[in-house]
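Some notes on the structure that comes next.
The values are calculated or read from the model by the stated rules, or taken from the named source; none is laboratory data. If you're wondering where the values come from, they're calculated on a predicted model, not measured in any experiment. When we count neighbours, we look across all protein chains shown, and the Cβ atoms used for this are built from the backbone with ideal geometry, even at glycine.
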Amino acid sequence: MLHRFLSVIFISLSLLVATTPLSAQSDSELEEAIAGAMGAMDAFMLGFNARDPQAWAASLNYPHVRFASGGVTVWESAEEFAETRAFETLPQTGWDHSHWLTRDVTLASPAKVHIATLFQRFNSDNEIIGTYQSLYIITNIDGHWGTQARSSLAP
């Protein structure tokens, strides 16, 4: 029953998106937004792989929300986010670095871009330890493109 309900919602939203006029958004505005969003995702991964909490925090917009591991976490500021313990806990799982496999734009406007991703985590021998799907919502706040929300199937 829930699956049927969600299917109806998805179809309705798809029709809404497909029939919404894009005349107010030029191709160049959308291309610029997508480029800004991809740059934010590059900065995210660079800061993450460098294990640099300040650089990683700077790649985000706030409040920042993460849906993962059955929970929701909200960070109100870059300072709060930079206190993350991810670089203490992730290496305990064997993680050394991560890479994007795919980044597919699913929705774009001049101020917000949704990107469905597939990424992999690797150990220090460059062996794959996990492959995960996720959705990133990248926003432009006061000229700064940053990840504002992400939902991941990664632990």
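Among the numbered conditions (1) surrounded by 13 or more Cβ atoms within 10 Å (Cβ to Cβ); (2) at pLDDT 95 or above; (3) on the phi < 0 side of the Ramachandran plot, the only one that ALA35 does not meet is (1). The residue that is modelled with the lowest pLDDT, counting only those in segment 85-109 that are more than 17 Å from the chain's Cα centre (by Cα) and surrounded by fewer than 16 Cβ atoms within 10 Å (Cβ to Cβ), is ARG85. Applying a threshold of 7 Å to beta carbon distances and a minimum spacing of six or more residues, or different chains, the list of pairs starting in segment 115-129 at a residue that is closer than 29 Å to ALA35 by Cβ and in contact (Cβ under 8 Å) with a residue 60 or more places away in the chain and ending at one that is of a type in the set (Asp, Glu) and assigned to a strand (DSSP E or B) reads ILE115/ASP104. Quick check on ILE129: is it in a strand (DSSP E or B), exposed (fewer than 15 other Cβ atoms within 10 Å of the Cβ) and touching a Phe, Trp or Tyr at 6+ places or on another chain (Cβ under 7 Å)? Spelling it out, ILE129 is indeed in a strand (DSSP E or B), exposed (fewer than 15 other Cβ atoms within 10 Å of the Cβ) and touching a Phe, Trp or Tyr at 6+ places or on another chain (Cβ under 7 Å). Of all residues in segment 60-88, those satisfying the criterion of being of a type in the set (Phe, Trp, Tyr) and within 22 Å of VAL113 (Cα to Cα) are TYR62, PHE67, TRP75, PHE81.
Applying a threshold of 6 Å to beta carbon distances and a minimum spacing of six or more residues, or different chains, the list of pairs starting in segment 93-112 at a residue that is under 14 Å from THR131 (Cβ atoms) and of a type in the set (Ser, Thr, Tyr) and ending at one that is in a strand (DSSP E or B) and at pLDDT 95 or above reads SER98/PHE119; SER98/ARG121; THR102/LEU118. Scanning segment 60-81 for residues being under 22 Å from MET38 (Cα atoms) and at pLDDT below 95 gives a total of 1.
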